[in-house]
Amino acid sequence: MKIVLTLSFFKNLVNFWKNSSYILIILFLTPILLLILSSFQNNVDTWVHLFDTKLSIYLYNTFFLIFGVGILSIIIGVSCAWIIAKHKFFLSQFVEWALLLPAAIPAYIVAYCYTDFLEYGGIIQTTLREIFNWQSSKEYFFPEIRSMGGAILILSFALYPYIYFITKVAFSSTPKNLFNVAKIHGKSQFLYVALPLARPAIIAGLSLVLMETISDFGTVEFLAVETVTLGIFNLWLGMNNFSAASQLSFFAVTFIVVLLGIELSARKNQKFNNPQASGFDKKIEEISLTKSLVLFFICLVPILIGFLIPVLILINLSMQSSNQNDFYSFFEIALNSISVSFFGAFLTILFSFVIVVAVKYHGGKKFTFLATLAGSGYAFPGVILALATTFFLSFIQNNMNELFIYFNLDWNLTLIGTFTALLYTYICRFNAIGVGYINSGIQRVSPNLLEAARLQGVSFEKSLFKIIFPIIRPSILTGFLIVFVDIFKELPVTLLLRPFNFETLATYVYQYAKEEMLEQCALAALLITLIGTIPVFVLNKTINLSYEKQ
């Protein structure tokens, strides 16, 4: 009888976890579904106006931006990954993790730095005019940083780590006998073995680069490159046309889905592994001193352009700033960033934990699919997701207030422009990260542990928190850290949904940089960069541990 009651209690608790996760999944998916419904509204006049004015510019700029960033990011990421994976050279261990550093500094901050550095009044052009005694810009040619080329360059050197990191793992995991076969036949190991086998990894990294490029707001806006994302922003806030903004939003997302669909279709019948291949080649090729220095300087270029030069610019501007009496305001803004990032990350990990537990211990194919679908918010640009959650929360707010009026209740529900809206959007956007990290940890837990606890009459909840939670705690902490840093750097969502008179470091930097006052916000930008380096060290430690276990 006791065993029956225990099993019944266990079943009820599992149902509680499953039902809770269903509610969470519905909350995460509803804004996107409502955004889809709103996009079916008739906006013929608006689209006629767009066709006559800006639409062709939005589409042209977006296409060439993602094409240029995609190509340059692949060149940088894949070449550096191959050098690191196959060669041991001067300071190669330092360079291996340093190549991830550009991911620590947001692209919009890099854009602010290089614009200040390279524009007409910047140190480079000023120095050139002094050396050659030029009086105006008409006397010489200098590339314009506020251009399509400038945007491609900055975004490529900021986003290539997505491709570099995952491709390096793929190259390092390629079985050595495949390289030996290529060598016997006189074929290039890189072109005929490493590159084809790493193609899924490269495409996975490229998809992230493309999504980040399309979703970028701060960089393209500052560099005056009008993309679809800026078009969505202008339609929503400039023309106050929510449904037209929704329609343009789905063009951006559909574009990436089509690209990935074409790639998946092209390689669906191809094979990227060899079950009979012998172990991985851990022996790294020793090279001459000259070649060692050449490879070192090749890998140093993206580190310099993507991280070191912008950081040095920020340090210099911070030291030049004459605003030394506003540290209290800066401290308050930094505290805002830390607090909103902490609560956003905590809630994201908490809800992700509920979903992962429900999927793991009471899931099915349909439930697993829904849980995966709930993480689709990460694929949506921040501007689009802010648009979706605003529509959803406005719907709730308006209907609840009408209900209060109907029952003569003097209540006024406010959701828009509150921390609730901001945190809710963060969770919808970043829950995929939390689910991914927690799921990776819980998949390594033997199901026998929970079964043994059940046989001894220990409740599911107690078993979960006494046995499972301590084991997956590193994965939970890693996921929390990554989400915390992503929220800390997030610009468009915070800029659009923050409460009145609430500033974070990201919005603080944006406001000053937009007014060409980068000196006033250089310290804030440095702090964002410093916080952003934390995941770099975490990722580097994680991959080194995985190598040690091989």
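The values are calculated or read from the model by the stated rules, or taken from the named source; none is laboratory data. If you're wondering where the values come from, they're calculated on a predicted model, not measured in any experiment. Ideal geometry is used to build each Cβ from the backbone, glycine not excepted, and the neighbour counts take in all protein chains shown.
One line per residue, one yes/no per condition, for (1) surrounded by 23 or more Cβ atoms within 10 Å (Cβ to Cβ); (2) outside the structural domain of N439 (by TED's automatic domain parsing); (3) in contact (Cβ under 8 Å) with a residue 12 or more places away in the chain; (4) assigned to a helix (DSSP H, G or I):
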position: K462; (1), (2), (3), (4): no, no, no, yes
position: F465; (1), (2), (3), (4): no, no, no, yes
position: F469; (1), (2), (3), (4): no, no, no, yes
position: D486; (1), (2), (3), (4): no, no, yes, yes
position: T494; (1), (2), (3), (4): yes, no, yes, yes
position: N501; (1), (2), (3), (4): no, no, no, no
position: V509; (1), (2), (3), (4): yes, no, yes, yes
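For (1) modelled with pLDDT of 80 or more; (2) in a helix (DSSP H, G or I), each residue gets a yes or a no:
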residue	(1), (2)
K187	no, no
L191	no, yes
I202	yes, yes
V209	yes, yes
W236	no, yes
Q247	no, yes
V257	no, yes
L260	no, yes
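For region 26-115, the helices (runs of 4 or more DSSP H) that sit wholly inside it and include 3 or more residues that are touching a residue at least 40 places away in the same chain (Cβ under 8 Å) and under 20 Å from the mean Cα position of the chain (by Cα) are 55-86.
Looking at N439, N448, N408, just one residue is modelled with pLDDT under 85 and assigned to a loop (DSSP other than H, G, I, E, B), and that residue is N408.
Beta carbons closer than 8 Å, at least 6 apart along the sequence or on distinct chains, pair a first residue in region 335-362 that is within 20 Å of L373 (Cβ to Cβ) with a second that is not in a helix (DSSP H, G or I) for K360/Q443. Of all the listed residues (I166, I131, I152, I124), the sole one being free of Cβ contacts under 8 Å to residues at least 40 places away in the same chain and closer than 28 Å to A198 by Cβ is I166.
With respect to (1) part of a loop (DSSP other than H, G, I, E, B); (2) of a type outside the set (D, E); (3) surrounded by fewer than 19 Cβ atoms within 10 Å (Cβ to Cβ), the lone exception for V181 is condition (1).
Looking across region 224-242, the residues that are of a type outside the set (A, V, I, L, M, F, W, C) and under 15 Å from T213 (Cα atoms) come down to E226, T227, T229, G231. The residues of region 80-121 that are surrounded by 18 or more Cβ atoms within 10 Å (Cβ to Cβ) and among the small types (G, A, S), listed by number, are A81, A85, A98, A103, A104, A107, A111.
No other residue among L403, L422, L350 is of a type outside the set (G, A, S), under 21 Å from the mean Cα position of the chain (by Cα), surrounded by fewer than 18 Cβ atoms within 10 Å (Cβ to Cβ) and modelled with pLDDT of 85 or more apart from L350.
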